[in-house]
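What follows is one structure encoded as structure tokens, with my remarks underneath.
The values are calculated or read from the model by the stated rules, or taken from the named source; none is laboratory data. As the structure is a computational prediction, the values presented were derived from the model and not from experiment. Reconstructed Cβ throughout: ideal geometry from the backbone, glycine too, with neighbour counts over all protein chains shown.
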Amino acid sequence: MPELTAEVEPLSLVIAIGGVPVRVNTTDPAFLDILQDRYAGFLGSAERAEIEFDVDVSPPVNPVPHIGVRVTQRRGRWSLQAGDFLAEWEPASRAGRIRQTANPYSIDAVLRIVHTLVLAQQGGFLAHSASAIRNGKSFLFAGVSGAGKTTISRLAPPDVTLLTDEISYVRKQDAGYVAYGTPFTGELAKLGENVSAPLAALYLLAQGSANRIDPIPPGEAARSLLANLLFFAEDEELVQSMFHSAFEFVSRVPVSRLTFVPDSRVWELIG
Amino acid sequence: MSRLYVARNPRVAARSLDGEMMIMSGRDSTLFTLNKTATILWQSADGATPLDEIVEHRICQEFEVEPAEALHDAETLARELASHDIIQISEEPIPQPSPGAGEAR
């Protein structure tokens, strides 16, 4: 009698953002192709991933696709829910599962959330911010949508390495901080370079009639940074960690307001 | 007339920076910046000192204000802070957990 079932070959790849290798397992070759294309430049080969997700590629997971993101923890297991995905992740076992359709956006959201959870416990964060490396040092350019993150990225001269025009990845390391490139893009629609450098400054972006850098009071620096952090978890302990991390960051990294005319001369002030 | 007691919610995160007190709700990550009066109230909210004593010994000492008016304003402020879960209010003293969690650094 012929075999009615066949073993499905597991497929996997490693997505390494911020130096954190995340293995993604799927049985869908088309989805694997999507991931290879989406995360080109951020694919790793780590034997031992720090996090491992099995992805069930399935029909739409939620009948109401516009519900917001909910990230909750119960008994050491994180639950991530949105209109287009359902996911679970257990840090102790490093393992998780994602249920989504075959698209790159849902897993992108899951990865962002998981990285915010990992970083929050280590004093780091993801921020609404462009970032770039110049002369061996990295710089963050933070602001809400329309503040100029993509504009300042577009204006960068050739000796500048862009890390992202939208979401910056910051890890605490020794006495300072390091910014990493990310594949999370804004209007520039160009993946950042997968490199890192010690963080030298955070600039809060404002557009004006002249290029200038102005100091800002520490309280405003902390408030502005907090307003630009990505954080999704409904978890009091992590909220407190993130809050105190922001204050520690502004006590160690210079924070200034960068007012700029949208032309390339602004980069004469950076680096 | 009953007295009102106020206590910091240990489940919020608080920091003072250059005299500016910022507080983040652990419940929904909302950030609050307290004015001078609210900062004094927050710092004095130990669960054991009645609000009228806080007003008399801290707020009236700091600002030139009539005690009765100051107490009325402080009660309004305390109820507003309580509505955001930043402090707890009660007509009885409020027992506090061991020092540490959520205290201003």
In the set A:Ile98, A:Ile113, the lone residue that is in a helix (DSSP H, G or I) and among the β-branched types (Val, Ile, Thr) is A:Ile113
Kindly evaluate A:Val170 against the criterion of being touching a Phe, Trp or Tyr at 6+ places or on another chain (Cβ under 8 Å) and either closer than 25 Å to B:Ser16 by Cα or within 14 Å of chain B (Cβ to nearest Cβ) (or both). yes
Return the pair list, or none, for Cβ contacts closer than 9 Å from residues in the range A:73-87 that are free of Cβ contacts under 8 Å to residues at least 12 places away in the same chain to residues that are of a type in the set (Lys, Arg), at least 6 apart or on different chains. A:Ser79/A:Arg70
Scan the range A:161-169 and give yes if some residue there is out of contact with any Ser or Thr (no Cβ under 6 Å at 6 or more places or on another chain), in the same structural domain as A:Phe232 (by TED's automatic domain parsing) and at pLDDT 95 or above, otherwise no. yes
I want to confirm something. Restricting to the range A:187-236 and keeping residues that are in contact with a helix residue (DSSP H, G or I) (Cβ under 9 Å, 6 or more places away or on another chain) and acidic (Asp, Glu), which single residue is farthest from the other protein chains (Cβ to nearest Cβ)? A:Glu187
Is the range B:66-77 home to any residue that is surrounded by fewer than 18 Cβ atoms within 10 Å (Cβ to Cβ), touching a Phe, Trp or Tyr at 6+ places or on another chain (Cβ under 7 Å), more than 9 Å from every other protein chain (Cβ to nearest Cβ) and not in a helix (DSSP H, G or I)? no
Close pairs (7 angstrom Cβ cut-off, 6 or more residues apart or separate chains): within 18 Å of A:Arg77 (Cα to Cα) and touching a residue at least 24 places away in the same chain (Cβ under 8 Å) in the range A:31-55, surrounded by 16 or more Cβ atoms within 10 Å (Cβ to Cβ) and among the hydroxyl-bearing types (Ser, Thr, Tyr) anywhere: A:Val55/A:Thr26
Might you check whether a residue that is closer than 16 Å to A:Gly19 by Cα, among the charged types (D, E, K, R) and free of Cβ contacts under 8 Å to residues at least 40 places away in the same chain occurs anywhere in the range A:141-156? no
Subset of the range A:29-40, residues at pLDDT 95 or above and outside any helix (DSSP H, G or I), comes to A:Tyr39
Looking only at the range B:1-53, and only at residues there that are in a loop (DSSP other than H, G, I, E, B) and in contact with a Ser or Thr (Cβ under 9 Å, 6 or more places away or on another chain), the one that is nearest to the other protein chains (Cβ to nearest Cβ): B:Arg11
